[in-house]
Amino acid sequence: MFGTDGIRGRAYREVTPETAARIGAAVVETFGCERVVVGHDPRASADDLLAGLLRGLAGTEAELLGVAPTPAVAFCCAADGVPGVVVSASHNLYLDNGLKIFGPGGRKLSDAEQEALAAALRSDAEPAGLPVRSDRGAAAVRDIRGRLEGYLDAVAATVEPGALDGLRLVVDGANGSTSALAPALLRGLGAAVRTVACEPNGRNINDGCGAASPEFIAGETRPGEIGLAFDGDGDRVVAYDGGVIDGDRVLALCGIDRRGRGRLAGNTVVVTVMSNFGLHEALAAAGIDVVTVPVGDRHVLSALEEGGWELGGEQSGHVVFRDLATTGDGLLTAVQLLDVAGRRGERLGDLAASAMTRWPQVLRNVVVRGDAADVLAAVAPAVESAQESLGDSGRVLVRASGTEPLIRVMVEAAAEAEAEAVAASLAAEVGRRSG
């Protein structure tokens, strides 16, 4: 059931209140916990899944943050040394929902913890429709929404007071969990803030807005403004200032800045296989080592912890500052990024453009109607042939999505037209093989 980041699927069909109840019970069994921090995003199905989750958490005290960014839940877990659950489907549309689980201390699950949870879920299977632990009622609940202020204060404290003085920002909250918190945080640091897509109604989350739709913030950002687009649960951000500043450019900017200040632990940045080759070139030119891991910030965090490093992330906008937080945090990333420009006294867009030269990269998502593993095996010869044709001047990556029924085709090449042609050919092959 676990993808690259928790459990996710169509609400009421693949992710039901009963599913949430079983997951809650598995959390209790796996961690033997007495307290659990719980938050959710504002999508329409959240209340029903939350009710199911609380049934599964029977015997514990559930501390409810209400509508809260995923990293705010992790923050409270870290402060208290307890596990947490977030009811959210991240950047997916409102029809989907899911659950993200943090281990005690607000850390993403290790492979061993995830397998233990999966085993508990398998052993806890019940006839369809029967709630878990129905004889024990539900968890005792405590409202801790006031702790969101402490989370915002902690993010603000990572930079100097007034660090954003004079900046004009437009915030796209993806009609999600950061819609009220992001503007408050940024204004508190001195910025003038205008908002778009910050009016959640349960059905408009990520709908043509947010970090997964950067063209929206690009169109909304006026001259003299910097755009910030968060995703539905607030664990990633994409910026805009004359061009899109994705996670790769954030890592280039912050990595080079930290190295220059002697604050890049181990002189290393962790990236994923999706990161643009231009990022590798930029970091190498700055004398920074790069470690590459599979897609998913869980893998990034694991590598950071094992290596004792502090900076890593994904092109999608998940960026981890491990010395400042236990997980990727869109608000923290935005503040850190803007602080670099403020300290340097330069326009963010200019800094981002000079930090790295992006190789042409084309992404295609193909809906899979059969088994993704079978499709990947069937197209392997075509993928190998495409890579041979590109040689050292390009790169091909074809993988199954960990969050949606898709196969993702990524092609990098020295020329945009070549990347487009190879990606189109491979996407068509995947489509033919997917049934």
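The values are calculated or read from the model by the stated rules, or taken from the named source; none is laboratory data. Predicted model only: the values in this text are computed from it and were never measured. Here Cβ is always computed from backbone atoms with ideal geometry, including for glycine, and neighbour counts include all displayed protein chains. Note: areas computed on protein heavy atoms with side chains; ligands, DNA, RNA excluded. Shrake-Rupley method; radii C 1.70, N 1.55, O 1.52, S 1.80 Å.
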For this session: For R395, state whether it is farther than 30 Å from S88 by Cα, part of a helix (DSSP H, G or I), of a type in the set (K, R) and out of contact with any Lys or Arg (no Cβ under 8 Å at 6 or more places or on another chain).
Result: no
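Can you give me the number of residues within the range 252-285 that are of a type in the set (D, E) and open to solvent by less than 50 Å² (accessible area, probe 1.4 Å)?
Qualifying residue count, the range 252-285: 1.
Let's see how each residue does on (1) under 27 Å from A180 (Cβ atoms); (2) of a type in the set (A, V, I, L, M); (3) touching a Lys or Arg at 6+ places or on another chain (Cβ under 6 Å):
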| residue | (1), (2), (3) |
| --- | --- |
| R263 | no, no, no |
| V270 | no, yes, no |
| V300 | no, yes, no |
| G308 | no, no, no |
| V320 | yes, yes, no |
| L337 | yes, yes, no |
| Q361 | no, no, no |
Seminar exercise, completed: So, first residue under 19 Å from D153 (Cα atoms) in the range 169-184, second residue of a type in the set (V, I, T) and assigned to a loop (DSSP other than H, G, I, E, B), Cβ within less than 6 Å, six or more apart or across chains; the pairs are none
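Table: residues versus (1) within 21 Å of the chain's Cα centre (by Cα); (2) assigned to a loop (DSSP other than H, G, I, E, B); (3) of a type outside the set (A, V, I, L, M, F, W, C).
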residue: G232; (1), (2), (3): yes, yes, yes
residue: R249; (1), (2), (3): yes, no, yes
residue: D257; (1), (2), (3): no, no, yes
residue: G312; (1), (2), (3): yes, no, yes
residue: Q315; (1), (2), (3): yes, yes, yes
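Conditions tested, residue by residue: (1) among the β-branched types (V, I, T); (2) touching a Pro at 6+ places or on another chain (Cβ under 9 Å); (3) within 14 Å of H91 (Cα to Cα); (4) surrounded by fewer than 19 Cβ atoms within 10 Å (Cβ to Cβ).
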| residue | (1), (2), (3), (4) |
| --- | --- |
| R187 | no, no, no, yes |
| T195 | yes, yes, no, yes |
| C198 | no, yes, no, no |
| G208 | no, no, yes, yes |
| P214 | no, no, yes, no |
| G219 | no, no, no, yes |
Exercise. For the range 236-251, does any single residue satisfy the condition of being touching a helix residue (DSSP H, G or I) at 6+ places or on another chain (Cβ under 7 Å), open to solvent by less than 10 Å² (accessible area, probe 1.4 Å) and without any contact (Cβ under 8 Å) to a residue 60 or more places away in the chain?
Worked result: no
For this session: Filter the range 335-374 down to the residues that are in contact with a Ser or Thr (Cβ under 9 Å, 6 or more places away or on another chain), in contact (Cβ under 8 Å) with a residue 60 or more places away in the chain and assigned to a helix (DSSP H, G or I), then identify the one that is surrounded by the fewest Cβ atoms within 10 Å (Cβ to Cβ).
Result: D339
For this session: Check E160, E199, E126, E115 and return the single one that is at pLDDT below 95, among the acidic types (D, E) and assigned to a loop (DSSP other than H, G, I, E, B).
Result: E126
